[in-house]
Amino acid sequence: MNIRKASLKALGLILASSLLLTACGAEPETQEAPAESQAKKIEIFTVGIDQTPLSFTKSGQIESGTTAFITPQVAGKITNISINVGDKVNKNQTLVTLGDSLSTDAAQMNAGLAKESLQKLYDTRFKTDYVAQTNIESALIGYYTAIDSLDAAIKSRDHAEELYDEQHDTLEDTLDDLKDLPNYKKDPLYKQTKSQLEQMEIGNEAQEDQLDLSIEMSKAQLKGAILAVEGVQAQYSLQFIQLDSTILQAETGADLAKLQAEARNIKSPIKGTVTNIQVEEGNFTSPGQILVTVENIEDLKVKTYLSPEETKLIKANDLVSISSTTTSTTGKVNYVSPTLSLNGKAEIEITLGDKKNLFSGEIIEITFTPNTGAIATLVPLNSVIIEDEQYFINTVGKEKTIERKEVTVGQVYGNFIEILGGLNFGEKVALSTVFLREGESINYKVKRSAKSPKS
């Protein structure tokens, strides 16, 4: 016997013990019992005409959109809890402070030492930079002096050459003029001028050698100055590379020490509301222990699970009723999982209408009222009779007698069951708290509603 048949058989045994669940919306029928008749009193349910509003209730749990479990990163004694349950907190707000322990005190001391060491390195770099700038400036002074010396030597040579050329040309012009005289070679002025010209040429050669030597010495001085500048720059460049590497390591260590010291101040990673505090001041705590729970209660939602049969009856945007011990509201189906979980049920997510007086983690009741239009025929569950794994329903014949019909059943939906075959539209199903036999006379009277039945 499959699960559905076993469930229905169990229901049949319950029904046999005279339990009667009257369908919501079914038209109530008064009893007529003439003194002269022994007909049994019943109520009837008209197939396809009486209303069959399905509803079923499930338990669910309220959850917040975002939940943060606040845990410490270091061990320590809780010296201060600055919040209470229900307080709203901001992101990075300190909730719990640790102290009075070896780990927190050591972290605080290490942070101070790391900060001091880093400051000393900053001071050293500043002083080194000052000395480097002074030495580089001195080397640059030598460089610019050497450039000026070279430029002066070149200008001196150029000036000497210009002066020599001018005086040389004058003496040569004088000699040319004297050559026009008879016996000019014996002329004393000619001899004197020629002697001056020869001495000038000899003196010019010596002066040029001296000036060239001065230029070469200036070039050598400039080369030395350039090497001095490059040497100073290379020296301090290496020092700065080493210093900067040391400072970078020290900054990393100082940041880590600062984080470890700040870890004593346990902060909220999100903006939300404190929903739980699991410790007290004076308690000792260790990494991983949950101290406080912070939730975004402005984004509450409800989760529940439905069987595959129930899931078929609902869809996204369906409205549901929500009730707790203190309040009631409505909700809307936001999500229906397309797959089943390990327990064989589908996860359902519901958004809440009014969130007042509702709290994350609270267990609530959810009433689903699905549309039954997709189900062909529904009758009250207590009308089904199970005999030898067959299903029967007592109907009312034309002579107000019981006619028992075999039916094929489908799924159970709350207080109703689906009939797949054996009943027709408009047939009257007999509902009774006592046992009815086929052919037995019955009496009933239907109170008609103002609305016309659906055809």
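Mind checking which strands (runs of 3 or more DSSP E) fall wholly inside region 1-102 and carry at least 2 residues that are at pLDDT 80 or above, buried (at least 18 other Cβ atoms within 10 Å of the Cβ) and among the polar types (S, T, N, Q)? Break it down into steps so the answer makes sense when it comes.
Values: elements: 43-46, 56-63, 67-70, 76-81, 94-99.
Those strands (runs of 3 or more DSSP E) do not exist here; none qualify.
For beta carbons closer than 9 Å, sequence separation of 6+ or different chains, a first residue in region 105-132 that is crowded, with 16+ Cβ neighbours inside 10 Å and a second that is of a type in the set (Phe, Trp, Tyr), the qualifying pairs are ARG125/PHE240; ALA132/TYR236; ALA132/PHE240. A single member of LEU181, LEU189 is part of a helix (DSSP H, G or I), of a type outside the set (Val, Ile, Thr) and either surrounded by 12 or more Cβ atoms within 10 Å (Cβ to Cβ) or touching a residue at least 40 places away in the same chain (Cβ under 8 Å) (or both), and it is LEU189.
Every residue in region 202-222 that is charged (D, E, K, R) and surrounded by 12 or more Cβ atoms within 10 Å (Cβ to Cβ), please.
Start the filter on region 202-222 by keeping residues that are charged (D, E, K, R), which leaves 205, 208-209, 212, 216, 219.
Answer for region 202-222, where residues must be charged (D, E, K, R) and surrounded by 12 or more Cβ atoms within 10 Å (Cβ to Cβ): GLU208, ASP212, GLU216, LYS219.
Against the criterion of being surrounded by 14 or more Cβ atoms within 10 Å (Cβ to Cβ), under 36 Å from the mean Cα position of the chain (by Cα), closer than 30 Å to ASN110 by Cβ and not assigned by TED's automatic domain parsing to the domain that holds HIS159, THR285 qualifies.
Out of VAL429, VAL434, one residue alone is in contact with a strand residue (DSSP E or B) (Cβ under 8 Å, 6 or more places away or on another chain) and surrounded by fewer than 19 Cβ atoms within 10 Å (Cβ to Cβ). It is VAL434.
The residues of region 152-178 that are within 30 Å of SER218 (Cβ to Cβ) and free of Cβ contacts under 8 Å to residues at least 12 places away in the same chain, listed by number, are LYS155, ASP158, HIS159, GLU162, LEU163, ASP165, GLU166, ASP169.
The values are calculated or read from the model by the stated rules, or taken from the named source; none is laboratory data. The structure presented is a predicted model; accordingly, all values stated were derived computationally and were not measured. No Cβ is skipped: glycine too gets one built from the backbone with ideal geometry, and neighbour counts run over all protein chains shown.
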